Amino acid sequence: MGFSSETPVGSEVKVVIEHAPVKITTLVDGVEAVVFNANGAFEFERRKTKSEEDAPPPEPSPETFNSHTDSRPNGPMALSFDITFPDASHAYGLPERATTMSLRETKAADGAIATEPYRLYNLDVFEYEHDSPFGLYGSIPMLLGHSSRPPRVHGVYFNNPTELYVDVTKGGSSGGISSHWMAESGAFDLFIFPGPSPRETMRQYSMITGGTAMPPAFALGYHQCRWNYRDEADVAAVDAGFDEHDIPYDVLWLDIEHTDGKRYMTWDGATFPTPRRMIEDVASRGRKMVTIVDPHVKKDANYPVYKEAESKGLFVKQKDGVGDFDGWCWPGSSAYLDVTSPAVRAWWADKFSLKNYQGSTKDLYIWNDMNEPSVFNGPEITMQKDLIHHGNVEHREVHNAFGMYYHAATAAGIEKRNDGERPFVLSRAFFAGTQRVGPIWTGDNAADWNHLRVSLPMVLTLGATGLAFSGADVGGFFGNPDGELMTRWYQTGIYYPFFRGHAHLDTKRREPWLFGEPYTALIRAAIRRRYQLMPYLYTLFEEAHRDGAPVMRPLWYEFPNDPHAAAKEDAFMLGPALLVHPVTTQGASSVEVYLPAGVWYDYDTNEMHAGPKTFSVAVTLADTPTFVRGGHVIVRKDRARRSTRAMTHDPFTIVVAPDESGKYAYGEVYLDDGKSYAFEEKDAFSRRQIIFEDGDSLVCAAKWRGGSWGWTTHDAEQKHLEGDPLAFPEIAAEVERVIVLGPRRFGEDAEVRNKRKEIHLVSASGKEGSPAAATAVKKPGVVLAQDWSILFSVAD
């Protein structure tokens, strides 16, 4: 059992350990936060050996599921325990499942069963329901307890990748929330995170499992996918369609039909005869491609991947530990690489070299699907638990981590192929720590309004349990959305950390321009907003990398003391500064929006609101209620471009949203080259603080990695100014506009000072109208990555 002592200044954490029976209480500032074994459920089974008792170990006790028998050679080896959050009124976590963000209780305080326990067991779930506690493709055994008064969030993480069930009970004689955890086997390895703030709890968790891998910049753009684009001509037509309709995108994907008979890392010679030329053509416009590579390997002696892996003994073994496991998946009879072995992972990584993956280029990236692992003829469509892995370990002991191992090996291969640049590999299966590898998506959803709605708590829960880079298939994988649903899904999906449109083989084509007007124009506007916010998004991802903070955040993460925000899941925060309430109901003409305490500015109209309040907002099909939080600064790029690469040299727009006093706002912007690890290895990055203070000045200053800030320019910035070869283009980009929201009136002139003390006079003009007013400073002539200030003259 582990504890994190990384708590905010002023918080005191104490651990009280009692014996007979054991009970461990974590107190934060003298208040019980997390209690282990309060209900006495800590129990475990283990096999007795001959040395312990002069008797043979018990005979195995086989277990049958349908036509499959689990031999259970070590007999029952389960363990259980209970965790209580004494003051909590809400519990979050335990992904992945399509259900509410605030977890419903599964067992009442009197023992009555409300529903089945929350199960964590990675499975290929075909057409999952939109409201079910049933576990899906990935598992993160992390549970958070939240109390609003006092505002506190605490967490626990159980580091065990075996099959797991968790019962949640609310209330009872002692109040709070209690949970009963039951694992099939494995070690008892529990971590407690005292928090007490959401931010500190996530930072503590990231210290154990890691922060989010810093993605390449293109990965934050829009991804276009379908099962399947038919051939090279189809790829060229889709790519050209985006330019023809002036819609930005970054990545075009190919599903399994591009391969030669489902042999991964091959090409169908009839439909994709010149794959390298195809990829290079797409890349010539600043875009990338992705192909799918799944963990099942077609059993074919003429397939080099299978032949070499079979000869080297690299596959998962039968329960006898000798013969290779044979399972059925898309290619038919298949073997599965034993990616729990470091040697197998290293071998697999080499397969992504340009020499081995013929027809690929450095602009081709990878998608790992079916890696739960999916086995069509296996129990519950996965592997038998008594199969044998590296080190004579049974599959039951590593099941939930198998997909992460495969994901990690693939990402290592792309990183190696691209000479150490950041990889991009999407995975369906995941476990705690997957965030260190790459993104995931929520699997085979459906094109209906219920699945649009449930995508919000699903993605929010993933972010709140450390997996910040996730998203749902825009439009739904199964079915045929109409123009309204497709538009509303794009208007929501632009805020998913991972933003991809995807569809099933049997659905109608649905590229963004195929729905006709007004839908094409509205979808175009939505996707453009995603690209407009790219500097803000990239900054949020760097925070996720550094501190484990989610990108798309539940309202309670930013407002833990607001009881109304605790279970709110139809709205969310994008970082600390944007509140979004998407429209997720068919035919809606209005939505009920809740704004927590503070001042808020409508993103589209600049109208100012004072929270907390709930009010009705009229909407047309063009509207997604979005609000800028007072006291914050957002950095954007407002010029419409075809891709993230095309935006590289573009100037920035700074949006200042003053707080209630009208005199203060704060924000950060992070810049690096968008592709390499120079930001870590050579400090080649720029992090700037932008501060609006006293209501009449805006200051941009450097911030060091350690957290201090001032007027000192970071080494990497100074090197760039002297012509250092590590320089990256964005660091030289200028600010073309500053917008100060709110009704305050400024004079006609503003004084601009940069680090060389040069002075420029610029025009400052206010918008007509009072509550929706804003002041724009145009072309101040400053470089964002340098130190500068703007001094406003006050009209009043």
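The values are calculated or read from the model by the stated rules, or taken from the named source; none is laboratory data. A quick note: this is a predicted structure, and the numbers were derived from the prediction, not measured. Cβ coordinates were reconstructed from backbone atoms using ideal geometry, including for glycine residues, and neighbour counts include every protein chain displayed.
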For this session: Test residue 355 against the stated conditions and say whether it is out of contact with any Cys (no Cβ under 8 Å at 6 or more places or on another chain), closer than 30 Å to residue 220 by Cα and either small (Gly, Ala, Ser) or not in a strand (DSSP E or B) (or both).
Result: yes
Exercise. Within the stretch 218-234, can one find any residue that is of a type in the set (Ser, Thr, Tyr) and touching a helix residue (DSSP H, G or I) at 6+ places or on another chain (Cβ under 7 Å)?
Worked result: yes
For this session: Test each condition in (1) among the aliphatic types (A, V, I, L, M); (2) surrounded by fewer than 19 Cβ atoms within 10 Å (Cβ to Cβ); (3) over 19 Å from residue 317 (Cα atoms) for residue 393 and report the one that comes out false.
Result: (3)
Seminar exercise, completed: When residue 604 is run through (1) in contact with a Ser or Thr (Cβ under 9 Å, 6 or more places away or on another chain); (2) part of a strand (DSSP E or B), the failure sits at (2)
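Return the residue satisfying two criteria in turn: it lies in the stretch 239-282 and is of a type in the set (Asp, Glu) and part of a loop (DSSP other than H, G, I, E, B), and of such residues it is farthest from residue 520 (Cα to Cα).
268
Yes/no per residue for (1) over 30 Å from residue 676 (Cα atoms); (2) assigned by TED's automatic domain parsing to the domain that holds residue 451; (3) among the polar types (S, T, N, Q):
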site	(1), (2), (3)
525	yes, yes, no
532	no, yes, yes
554	yes, no, no
558	yes, no, no
561	yes, no, yes
564	yes, no, no
569	yes, no, no
591	yes, no, no
Exercise. Do you know which residues across the stretch 376-406 are under 26 Å from residue 435 (Cβ atoms), of a type outside the set (Ser, Thr, Tyr) and not in a helix (DSSP H, G or I)?
Worked result: 383, 389, 393, 398
Seminar exercise, completed: Pairing a residue in the stretch 11-31 that is farther than 12 Å from residue 195 by Cα with any residue that is modelled with pLDDT of 95 or more and assigned to a loop (DSSP other than H, G, I, E, B), where Cβ atoms lie under 6 Å and the two sit 6 or more apart in sequence or on different chains, gives 22/37; 23/37
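For the subset of the stretch 746-761 comprising residues that are closer than 23 Å to residue 671 by Cβ and not in a loop (DSSP other than H, G, I, E, B), which member is modelled with the lowest pLDDT?
So the residue we want is 760.
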Exercise. Inside the stretch 132-171, can you point out the residues that are within 20 Å of residue 451 (Cβ to Cβ), of a type outside the set (A, V, I, L, M, F, W, C) and under 21 Å from the mean Cα position of the chain (by Cα)?
Worked result: 133, 135, 137, 138
Problem set entry | Test: residue 420 is assigned to a loop (DSSP other than H, G, I, E, B), more than 19 Å from the chain's Cα centre (by Cα) and touching a residue at least 24 places away in the same chain (Cβ under 8 Å) | yes
Exercise. In the stretch 76-114, which residues are closer than 24 Å to residue 187 by Cα and in a loop (DSSP other than H, G, I, E, B)?
Worked result: 76, 77, 78, 94, 95, 96
Problem set entry | Test result for residue 554, of a type outside the set (Ser, Thr, Tyr) and crowded, with 21+ Cβ neighbours inside 10 Å | yes
For this session: For residue 594, indicate whether it is surrounded by fewer than 21 Cβ atoms within 10 Å (Cβ to Cβ) and at negative phi.
Result: yes
Seminar exercise, completed: With criteria (1) part of a loop (DSSP other than H, G, I, E, B); (2) out of contact with any Ser or Thr (no Cβ under 6 Å at 6 or more places or on another chain); (3) buried (at least 22 other Cβ atoms within 10 Å of the Cβ), residue 498 comes up short on (2)
Seminar exercise, completed: Within the stretch 317-352, residues being farther than 20 Å from residue 398 by Cβ and outside any helix (DSSP H, G or I) number 7
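Each row is one residue, and each column tells you yes or no for (1) at pLDDT 95 or above; (2) under 19 Å from residue 498 (Cβ atoms); (3) hydrophobic (A, V, I, L, M, F, W, C).
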residue: 522; (1), (2), (3): yes, no, yes
residue: 527; (1), (2), (3): yes, yes, yes
residue: 541; (1), (2), (3): yes, yes, yes
residue: 550; (1), (2), (3): yes, yes, no
residue: 590; (1), (2), (3): yes, no, no
residue: 594; (1), (2), (3): yes, no, no
residue: 602; (1), (2), (3): yes, no, no
Exercise. If only one of 223, 154, 245 is surrounded by fewer than 20 Cβ atoms within 10 Å (Cβ to Cβ) and in contact (Cβ under 8 Å) with a residue 40 or more places away in the chain, which one is it?
Worked result: 245
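Quick one: is residue 659 at positive phi and not aliphatic (A, V, I, L, M)?
Numbers: at positive phi: no; not aliphatic (A, V, I, L, M): yes.
The answer is no for residue 659.
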For this session: Looking at (1) more than 20 Å from residue 439 (Cβ to Cβ); (2) surrounded by 20 or more Cβ atoms within 10 Å (Cβ to Cβ); (3) aromatic (Phe, Trp, Tyr), find the lone condition where residue 477 falls short.
Result: (1)
Problem set entry | Residues satisfying the stated conditions in the stretch 474-488, i.e. outside any strand (DSSP E or B) and within 22 Å of residue 255 (Cα to Cα) | 475, 476, 477, 479, 480, 481, 486
Exercise. Applying the selection to the stretch 283-316, what residues are in a helix (DSSP H, G or I) and over 31 Å from the mean Cα position of the chain (by Cα)?
Worked result: 304, 305, 306, 307, 308, 309, 310, 311, 312
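Here is a list: 643, 661. Which entry is in a loop (DSSP other than H, G, I, E, B), of a type in the set (Ser, Thr, Tyr) and under 25 Å from the mean Cα position of the chain (by Cα)?
643 is the lone residue from the list that is in a loop (DSSP other than H, G, I, E, B), of a type in the set (Ser, Thr, Tyr) and under 25 Å from the mean Cα position of the chain (by Cα).
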Seminar exercise, completed: Those residues of the stretch 620-629 which are over 10 Å from residue 593 (Cβ atoms) and outside any strand (DSSP E or B) amount to 620, 621, 622, 623, 624
Exercise. If you check residue 276 against the conditions, is it within 30 Å of residue 248 (Cβ to Cβ), of a type in the set (Lys, Arg), more than 29 Å from the chain's Cα centre (by Cα) and surrounded by fewer than 17 Cβ atoms within 10 Å (Cβ to Cβ)?
Worked result: yes
For this session: Would you confirm whether any residue within the stretch 362-383 is farther than 18 Å from residue 294 by Cα, surrounded by fewer than 24 Cβ atoms within 10 Å (Cβ to Cβ) and touching a Ser or Thr at 6+ places or on another chain (Cβ under 8 Å)?
Result: no
Exercise. Filter the stretch 664-709 for residues that are in contact with a strand residue (DSSP E or B) (Cβ under 9 Å, 6 or more places away or on another chain) and on the phi > 0 side of the Ramachandran plot; which is modelled with the highest pLDDT?
Worked result: 694
